[in-house]
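*Asks:* Here's a structure for you.
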Amino acid sequence: DAEITQSPRHKITETGRQVTLACHQTWNHNNMFWYRQDLGHGLRLIHYSYGVHDTNKGEVSDGYSVSRSNTEDLPLTLESAASSQTSVYFCASSEAGSGTDTQYFGPGTRLTVL
Amino acid sequence: GIQVEQSPPDLILQEGANSTLRCNFSDSVNNLQWFHQNPWGQLINLFYIPSGTKQNGRLSATTVATERYSLLYISSSQTTDSGVYFCAVELGYGQNFVFGPGTRLSVLP
């Protein structure tokens, strides 16, 4: 069955370190998204991609970067982790042009920055 | 930017009861979806419904795009319906997706 996976599921890091969160989907979807979820803020869009080599900034992109070298993966990098980036991170994908644009979510990565 | 509001913020039901959750949005949207986040954190898409009415088992949703709101109906609620329900909107293709703050539903046995 097609799926979307995230790794690691839990990560503890220190302020200033570079961290990369992986997202891999086997749906063969063109669209991929990264969100963060914080208490009191719901889900907020960080970056998104509509295809290979395409990346776009979302609502809360400062301090994050993504790259899309293939259809299946959209890694999220925190260049210099800050305590304010402690959050739960969700990756999602959807099929472009399907007429439904249904988003499918990964299980999430809980990141703690000390 | 677009504002998305959900009501009520919290809802407690007895098993078997019916409920209606509401999502209001401040601008015309190209895409509206309802999601359920279970107590373990998993997000599941329930409906893609930019307009009209859809039903899936005990759940149904209606979006009145001209009046900028959507409703999610849960009938004969079960304890497994507990969690947070989010609506999310997209202004247009290539625009940001914006999530509402969610409605936290607790279904008691």
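The values are calculated or read from the model by the stated rules, or taken from the named source; none is laboratory data. Quick caveat: nothing in here was measured; it's all calculated off a predicted structure. So basically every Cβ, Gly included, is an ideal-geometry build from the backbone, and we count neighbours across all protein chains shown. Heads up: the accessible areas ignore ligands, DNA and RNA and are worked out on the full protein's heavy atoms, side chains in. Shrake-Rupley method; radii C 1.70, N 1.55, O 1.52, S 1.80 Å.
*Asks:* Select from segment B:28-47 the residues that are surrounded by fewer than 16 Cβ atoms within 10 Å (Cβ to Cβ), in contact (Cβ under 8 Å) with a residue 12 or more places away in the chain and closer than 20 Å to residue B:102 by Cβ and list them in ascending order.
*Replies:* Within segment B:28-47, B:38, B:39 qualify.
*Asks:* Spot the failing condition for residue B:26; the list is (1) in contact with a strand residue (DSSP E or B) (Cβ under 8 Å, 6 or more places away or on another chain); (2) within 13 Å of chain A (Cβ to nearest Cβ); (3) at pLDDT below 95, and only one is missed.
*Replies:* Against the list (1) in contact with a strand residue (DSSP E or B) (Cβ under 8 Å, 6 or more places away or on another chain); (2) within 13 Å of chain A (Cβ to nearest Cβ); (3) at pLDDT below 95, residue B:26 comes up short only on (2).
So that you can scan it fast, the table gives a plain yes or no per residue for (1) within 28 Å of residue A:107 (Cβ to Cβ); (2) in contact with a Ser or Thr (Cβ under 9 Å, 6 or more places away or on another chain); (3) not aromatic (Phe, Trp, Tyr):
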residue	(1), (2), (3)
B:4	yes, yes, yes
B:36	yes, no, yes
B:42	yes, no, yes
B:51	no, yes, yes
B:56	yes, no, yes
B:84	yes, yes, yes
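*Asks:* Quick check: anything in segment B:76-90 in a strand (DSSP E or B), open to solvent by less than 30 Å² (accessible area, probe 1.4 Å) and over 27 Å from residue A:56 (Cα atoms)?
*Replies:* Among the residues of segment B:76-90, at least one is in a strand (DSSP E or B), open to solvent by less than 30 Å² (accessible area, probe 1.4 Å) and over 27 Å from residue A:56 (Cα atoms), which makes the answer yes.
*Asks:* Taking segment B:48-75, which residues are buried (at least 20 other Cβ atoms within 10 Å of the Cβ), among the aliphatic types (A, V, I, L, M) and away from chain A (no Cβ under 14 Å)?
*Replies:* Listed by number, the residues that qualify are B:72, B:74.
*Asks:* Return the residues of segment B:5-27 that are open to solvent by 50 Å² or more (accessible area, probe 1.4 Å) and not in a strand (DSSP E or B); say none if nothing qualifies.
*Replies:* B:9, B:15, B:18, B:26, B:27 - these are the residues of segment B:5-27 that are open to solvent by 50 Å² or more (accessible area, probe 1.4 Å) and not in a strand (DSSP E or B).
*Asks:* Let me ask something else about it. Among the residues that make up segment A:57-66, is at least one of them modelled with pLDDT of 95 or more and loosely packed, with under 15 Cβ neighbours inside 10 Å?
*Replies:* The answer is yes, given that some residue of segment A:57-66 is modelled with pLDDT of 95 or more and loosely packed, with under 15 Cβ neighbours inside 10 Å.
*Asks:* Say whether the condition of being touching a Phe, Trp or Tyr at 6+ places or on another chain (Cβ under 9 Å), open to solvent by 50 Å² or more (accessible area, probe 1.4 Å), within 14 Å of chain B (Cβ to nearest Cβ) and not hydroxyl-bearing (Ser, Thr, Tyr) is met by at least one residue in segment A:81-94.
*Replies:* no
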